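Okay, so here's the structure we're looking at.
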Amino acid sequence: MRKVVWFLAVLVVVGLLGWAQAGTPLVLDKPSSLADISLKVFGDSAYAPAIMRATNSKALVDHSFARISRLDEILPAGAKLWVPDAAWAKAFLAVWDPNRVEDLFGGGKLVVGSWWTAGGEAEGLEALFALYRESFPDVVIVNATVAGGAGFVFKAVLKPRLIAGDPPDTFQLHAGLEVEGYSPEVYLRPLDDLYAIFGWDKVFPPDLLDLMRYEGHYWGVPVNIHRSNVLWYNKEIFARYGLKPPANWDEFFQICEVLKEKGIVPITLANAGGWEAPHLFETILASTLTPEEYRGLWTGTTPWTHPGVTQALEILKKMLDYVNPDYSAHTWDTVLEYIAAGRGAMNVMGDWAMGWFMAKGVDVGWAPVPGTKGVFVALSDTFAFPKRASNPINVIGWLAVCGSKEGQIAFNMRKGSIPARTDITPEEKAQFNPYLQSCMEDWARDAIVPSVMHGAAAPESWVVDFKDAINLFLVTKDVAGTQAALVAAAKAALGK
């Protein structure tokens, strides 16, 4: 008996499907053109190219589907097509260039650029890849990672590729002013249409959407929220000596004295990447300034001559008496071995460290950096869409996975971060570990301030000046001279 799928039924199914089901099969009951099928399914013949691409992609992995060679082809009765879900079809039309006929035949690559290579990061990225492969098994994923925390090595490699017209198909980008360094109006595709099509403007919080906008456009799709200002500590060491997480800097340095006498490194530090110590300093600034004052450092309303900046430098200077002497040889992840092995007691790092501890099976304690209770120093990882991407249609599915609830849950449970979406249910939240659940609660109630070292607070040129000033301070310990350098960096960035 001839198999028939009624067009009306197909339309209902397509409308209900999420991103994870890329479409639904359709077996023709009579010869039809793609334009006619598109008109009946979507109410618009313009969707014919999307059906052709989706069907050809399916045919590469399932030979029961038709292989379509031309848009104007008349398909015979009995031909099996794959009708994409409405959101993907709309996104296809928003991105597809009719001059790129090759995009209608499926397959190809997806080159994903990032700096996620450490424990937790790599597992989270692989979770996204696995979800992508479920819906797009015809696409070969190329994991184009460049090792180096915070992306400073990656960014140095990426910029020449963008300029040369040979970028990865998509790449990791911190939310915020980091995008300015990539001249997005020249090299990146604005994502406003995709935000509307996939409904991301309805499920990401307003503050994050504001952070995502630059020159009136969205340039990346966020996959997470990270917290910068976390104090990690070895629970066994703290229990052994009857210690509690410090609430302020006086308590912190009292603990450091106790631990130093016991031959344990009180506070572990890395700086092989050149960003780890400046990261530590940004969290200290968040403790010595109010949230409004901290935000004002990056907008010009708080002068860098503020006593809170002086106090933060004094705290960092004193802290250097209690760190491991080999800090310049360690990256953010390798220095965590001190904590895991019980040779070091505390470390200040963003909650991607939780991903590392989870991957290593280490049970670790956490608290806000002293003096920052009620303050959430925030950053977000996103993925951008270069204009010169070699496989633009394959990028659509990747961004859909990144922005989806399924993708964000799978990724963040491994990465040590929390979903950016606001529609996570209590049952879904319960899948996360206690730290991440507490982070979700803090994100909802704390004062949110932007991280500078992770692209949210300032443009790249200012971040570099800030980083250089703190790295020099590690050598000179010159509070007055470093504060003057920070004043000069702000003046150069803000023009005042």
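A few notes on this one:
- Hits in region 111-164 - residues which are more than 30 Å from D62 (Cβ to Cβ), part of a helix (DSSP H, G or I) and open to solvent by less than 30 Å² (accessible area, probe 1.4 Å): E121, G149, A150, G151, F154, K155, L158, L162
- Filtered residue count, region 211-252, keeping only those that are out of contact with any Pro (no Cβ under 9 Å at 6 or more places or on another chain) and either at pLDDT below 95 or at positive phi (or both): 1
- Residues within region 67-109 that are open to solvent by less than 20 Å² (accessible area, probe 1.4 Å) and either hydrophobic (A, V, I, L, M, F, W, C) or closer than 19 Å to K40 by Cα (or both), tallied: 12
- Qualifying residue in region 297-315 (condition: open to solvent by 40 Å² or more (accessible area, probe 1.4 Å), assigned to a loop (DSSP other than H, G, I, E, B), modelled with pLDDT of 95 or more and within 20 Å of K260 (Cα to Cα)): no
- Screening region 415-435 for residues that are farther than 18 Å from T382 by Cβ and in a helix (DSSP H, G or I) and picking the one that is least open to solvent (accessible area, probe 1.4 Å) gives Y435.
- The single condition among (1) outside any helix (DSSP H, G or I); (2) of a type in the set (S, T, Y); (3) open to solvent by less than 30 Å² (accessible area, probe 1.4 Å) that S287 does not meet is (1).
- Top-ranked residue of region 220-261 - restricted to ones that are of a type in the set (A, V, I, L, M, F, W, C) and open to solvent by 10 Å² or more (accessible area, probe 1.4 Å), ranked as farthest from A458 (Cα to Cα): A239
- Residues in region 72-92 that are in contact with a Gly (Cβ under 8 Å, 6 or more places away or on another chain) and part of a strand (DSSP E or B): W82, V83, P84.
- Within region 87-114, residues that are closer than 15 Å to S135 by Cβ and acidic (D, E) reach no partner that is assigned to a helix (DSSP H, G or I) and open to solvent by 30 Å² or more (accessible area, probe 1.4 Å) with beta carbons closer than 6 Å at six or more positions or on different chains.
- Residue list for region 112-144, filter: of a type in the set (S, T, N, Q) and out of contact with any Leu (no Cβ under 8 Å at 6 or more places or on another chain): T117, S135
- If you go through region 318-361 and keep only what is without any contact (Cβ under 8 Å) to a residue 24 or more places away in the chain and within 25 Å of the chain's Cα centre (by Cα), you end up with E337, G361.
- Hits in region 356-377 (condition: within 20 Å of E121 (Cα to Cα), in contact with a strand residue (DSSP E or B) (Cβ under 8 Å, 6 or more places away or on another chain) and open to solvent by 10 Å² or more (accessible area, probe 1.4 Å)): W366
- Region 223-242 residues that are closer than 18 Å to M453 by Cα, paired with ones that are of a type in the set (V, I, T) and part of a helix (DSSP H, G or I) (beta carbon under 8 Å, 6 or more apart): S228/T283; N229/T283
- Qualifying position, being among the polar types (S, T, N, Q), within 15 Å of F105 (Cβ to Cβ) and part of a loop (DSSP other than H, G, I, E, B), among S57, S69, S64: S69
The values are calculated or read from the model by the stated rules, or taken from the named source; none is laboratory data. These figures come from a predicted structure and were not determined experimentally. FYI the Cβ positions are ideal-geometry reconstructions off the backbone, even for glycines, and counts take in every protein chain you see. Side chains are part of the model used for accessible areas, which takes the heavy atoms of the whole protein and leaves out ligands, DNA and RNA. Shrake-Rupley method; radii C 1.70, N 1.55, O 1.52, S 1.80 Å.
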